[in-house]
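Colleague: After the structure tokens below, expect a handful of questions from me.
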Amino acid sequence: KQWYQRRVAITAGISDRKSYDPIPVVAEAIATETTLLCFDEFQVTDVADAMILKRLFEKMFHAGVVVVATGNRKPDDLYKNGLQRSNFLPFIPLLKSRCRVLDMDSAVDYRLTTPTPLDLPGSSAFLLRDTPTLHDIFTFLTDVPVGDARPRTLSFLGRELSVGRSSGTVLLASFSDMCESNHGSSDFRAIAKAYSHVLISDFPQLSLRNKTTLRRFIVMMDTFYDRCVKLVISAEVPLPEIISLEVSGNKEDLRLLMDDLGLTADEAKEMNLFTGEDEVFSHRRAISRLHEMQTAAYWELPHEKRKTR
């Protein structure tokens, strides 16, 4: 949370005060209160982050901050095919010179083992085209019939957000409410803070044909996972098929976007924005996390607290 707030402060400083360089100030503030900075699943997907990282880390390293991070990509592949990556590349040798790189890859993903049945109607948190059982789970968790659940408005950052229906800390919403509306990461953090259980109906198969919806789902799921929100889904397809890796898209929309960005066809082919590489790369982690979120061990974790591993 603190790291996110620092990042927001830096970005706001760049956009609001173009003559002011906030990076040395933020780096000094971090170094003053932190000697060891740990990142879980370190990744770079945003062009603003990419432009900031080298100078920020350089100053933190110089101040004696030690960084330990896990990640799904080796340093050489960070921000791979990203926009203006040439400006990001000097960060990679800096990171490699200051951090020892260890390969922790495993041939077995233990999160994909068959989960123990849960103490819920239907015994599972992933249902196949079973909205009635999803409603039974809502009533089981709240002692309130779905028909008596009411909308609730969340207020945060000067905004108001209303999604689905709820009772106490249990939210019932459709996939359209959650992932096809214009929600950002701050919205999902607010939901994850307010609700310990989120039940989602009418969950379709996701694909690269709609990258915006797929990315929003991944952000939502990662946010819920980090806050130990218990996620129950009624889906149109089995869990292993929840994300299709078929690559396709509206060619006219892509052409117009290329024109807006001033890109040639060869340049576009190298960018994640057009290839869907980031989404494909996230597929395995998303499926793995969804599997873990079905387990009794995950359901026993307290809301908003992740168990140290």
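Colleague: Restricting the count to DSSP beta bridges whose residues both fall in region 128-210, what percent are antiparallel, rounded to a multiple of 5?
Modeller: Restricted to region 128-210, the bridges split so that about 60 percent are antiparallel.
Colleague: Order E41, E58 by their accessible area, 1.4 angstrom probe, all chains in place, largest first.
Modeller: The ranking, largest first, comes out as E58, E41.
Colleague: Counting only DSSP beta bridges with both residues in region 54-212, what percent are antiparallel, rounded to the nearest 5?
Modeller: The antiparallel fraction comes to roughly 60 percent.
Colleague: Follow-up question, since we're still on this one. Quick one: accessible area per residue over region 70-164, 1.4 Å probe, rounded to a whole number of Å²?
Modeller: 66
Colleague: Starting from the amide H of C228, placed 1.01 Å from N in the peptide plane, find each other amide H under 5 Å away whose residue is 5 or more places distant or on another chain.
Modeller: Correct list: E304.
Colleague: When the solvent-accessible surface of protein heavy atoms is calculated with a 1.4 angstrom probe, in what order do T153, T34, T139 fall, highest first?
Modeller: Per-residue accessible area, sorted high to low, gives T153, T139, T34.
Colleague: To continue, here is another question. Please list C179, C38 from largest to smallest accessible area, probe radius 1.4 Å, with all protein chains kept in place.
Modeller: C38, C179
Colleague: If amide H atoms are built 1.01 Å from N in the plane of the peptide, which residues on other chains or at least 5 residues away come under 5 Å of the amide H of L118?
Modeller: Here S124 satisfy the definition.
Colleague: With a cut-off of at most 16 other beta carbons within 10 Å, and DSSP calling the residue loop, which trypsin sites (Lys or Arg not before Pro) in region 142-220 qualify? Please list them.
Modeller: Filter output for region 142-220: R152.
Colleague: While we're looking at this one, here's another question. Once phi is turned into ³J(HN,Hα) by the Karplus curve 6.51 cos²θ - 1.76 cosθ + 1.60 with θ = phi - 60°, what whole-Hz value does each residue of region 228-236 show in order, with x for glycine and proline?
Modeller: Once θ is set to phi - 60°, the couplings for region 228-236 become 6, 6, 7, 9, 10, 10, 10, 10, 7 Hz.
Colleague: Okay, next question. So, taking all protein chains as they sit and a 1.4 Å probe, how much accessible area belongs to D103, in Å² rounded to tens?
Modeller: Counting only protein heavy atoms, D103 exposes about 130 Å² to solvent.
Colleague: What residues qualify as long-range amide H neighbours of L128, i.e. H under 5 Å apart, gap of 5 or more or another chain, H built at 1.01 Å from N?
Modeller: The answer is A235.
The values are calculated or read from the model by the stated rules, or taken from the named source; none is laboratory data. Here the structure is a predicted model, which is why all the values come from computation and not from measurement. No Cβ is skipped: glycine too gets one built from the backbone with ideal geometry, and neighbour counts run over all protein chains shown. In case anyone asks, the SASA skips ligands and DNA or RNA and just uses the protein heavy atoms, side chains included. Shrake-Rupley method; radii C 1.70, N 1.55, O 1.52, S 1.80 Å.
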